[in-house]
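First the structure, in the form of structure tokens, and then the observations on it.
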């Protein structure tokens, strides 16, 4: 019986990626079967993600495992003539070159389409940078935290009387990774159709600004000024926020009028959803938000989270507990959706991770641990570049693959590194 091919099994990506944003984007492609070959700089011990504390030892870290499963690794110093020669031979036999570096770096190191098209006219060069490859901020490194502030996210987040607040997750980095993966696949489709590759100029800045979505549209067209609302309330839908019950917090939301009718019934005030009530419509509830929210808070504080959820779930009212991470990872739905995967690792034994949410077809991906640095050098050099042992030895002697790693020197670097730093 023939084994079904994976969706991206015929795609090869040469990746100069590091830390979080870039590797996060390509790990979804690797899970779908793409051959993602990580080019790791031997002069600095490879991807700095290998040394991210607190869970790291030597060149292994649980951070690195998260973003690099199903990939291959080769140490290569592309700043040497011999290393550059190897890189170019890999490009000749690849579909894409992928990177997350500072905006001015791709051109400096020669990985843009115009610099590589003579090797492979159909090559797609996807560069995920902090601020893009053009514009006044081109040379600035991109850090998720900085970009959350710069793009207005932190002004939108937190309690009204509290300080500006960042998301608990690196959402600019991760969203940028998704955008880069989407851009790369669109570019690859066009290149295979037309036989001509291109640059994909993706930036964390553009991603963060684009995710302002409707508040940006409201502001640009109606002068809307965003404001923080207590308990993470929605800016226009009332009620849709976190409420404190007797023993914890939960979220309940009425995104449609029918949900408000059901909630009013559940809390014992069906008249609040009837004509003549100050809460009968979206507009009225927003106008009387303070009064209604105070009344709801008083009601919800009288019973437990489970009590309210036991009433809201059967009534098909959007709701859910506010879990801690432990509870979230124990949810039975997570297991039912095959969202927990395991790999075997020589240092950590069995490593459990959250799977990619990208689903294509009915096939279940295979999962392989993240690569040790330079683990796949021989197979990449022979299978992809077409070298024999003599040629590999010659290149090694010339310094194409670098010298011994300097892992200990990377600890401080890891703590300070950004997602799209050169």
Condition met for residue 223 (over 18 Å from the mean Cα position of the chain (by Cα) and crowded, with 17+ Cβ neighbours inside 10 Å): no
Of the criteria (1) under 23 Å from the mean Cα position of the chain (by Cα); (2) modelled with pLDDT under 95; (3) not assigned by TED's automatic domain parsing to the domain that holds residue 141, which one residue 364 fails: (3)
(1) over 25 Å from the mean Cα position of the chain (by Cα); (2) outside the structural domain of residue 185 (by TED's automatic domain parsing); (3) modelled with pLDDT of 95 or more: which one isn't true of residue 217, the others all being true? (1)
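Listed here are the residues, each with its yes/no results for (1) touching a strand residue (DSSP E or B) at 6+ places or on another chain (Cβ under 8 Å); (2) modelled with pLDDT under 95; (3) assigned by TED's automatic domain parsing to the domain that holds residue 314; (4) over 22 Å from residue 321 (Cβ atoms).
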{"residue": "255", "(1), (2), (3), (4)": "yes, yes, yes, no"}
{"residue": "259", "(1), (2), (3), (4)": "yes, no, yes, no"}
{"residue": "268", "(1), (2), (3), (4)": "no, no, yes, no"}
{"residue": "275", "(1), (2), (3), (4)": "no, yes, yes, yes"}
{"residue": "286", "(1), (2), (3), (4)": "no, yes, yes, yes"}
{"residue": "292", "(1), (2), (3), (4)": "no, no, yes, yes"}
{"residue": "298", "(1), (2), (3), (4)": "no, no, yes, no"}
Segment 300-321, residues that are surrounded by 16 or more Cβ atoms within 10 Å (Cβ to Cβ), over 14 Å from residue 260 (Cβ atoms) and in contact with a helix residue (DSSP H, G or I) (Cβ under 9 Å, 6 or more places away or on another chain): 300, 308, 311, 321
Consider residue 49 carefully, then state whether it is modelled with pLDDT of 95 or more and surrounded by fewer than 21 Cβ atoms within 10 Å (Cβ to Cβ). no
Specify which of the listed residues (115, 148) is within 27 Å of residue 13 (Cα to Cα), in contact with a helix residue (DSSP H, G or I) (Cβ under 8 Å, 6 or more places away or on another chain) and in a helix (DSSP H, G or I). 115
Selection over segment 52-86 where residues are part of a helix (DSSP H, G or I), within 19 Å of the chain's Cα centre (by Cα) and either buried (at least 20 other Cβ atoms within 10 Å of the Cβ) or free of Cβ contacts under 8 Å to residues at least 24 places away in the same chain (or both) yields a count of 5
Sort out which residues of segment 271-299 are farther than 21 Å from residue 235 by Cβ and surrounded by 14 or more Cβ atoms within 10 Å (Cβ to Cβ), and write them in order of number. 272, 273, 277, 299
Tally time: how many residues in segment 275-299 are farther than 22 Å from residue 231 by Cα and out of contact with any helix residue (DSSP H, G or I) (no Cβ under 8 Å at 6 or more places or on another chain)? 2
Which of the residues belonging to segment 87-103 are assigned to a helix (DSSP H, G or I) and either at pLDDT below 95 or in contact with a helix residue (DSSP H, G or I) (Cβ under 6 Å, 6 or more places away or on another chain) (or both)? 91
Filter segment 283-304 for residues that are more than 37 Å from the chain's Cα centre (by Cα) and not in a helix (DSSP H, G or I); which is farthest from residue 252 (Cα to Cα)? 288
From the option list 261, 341, 325, single residue qualifying as under 30 Å from residue 373 (Cβ atoms) and surrounded by 14 or more Cβ atoms within 10 Å (Cβ to Cβ) is 341
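The values are calculated or read from the model by the stated rules, or taken from the named source; none is laboratory data. Owing to the predicted nature of the structure, the values given are computational and were not obtained by experimental measurement. Backbone-built Cβ (ideal geometry, glycine too); neighbour counts: all protein chains shown.
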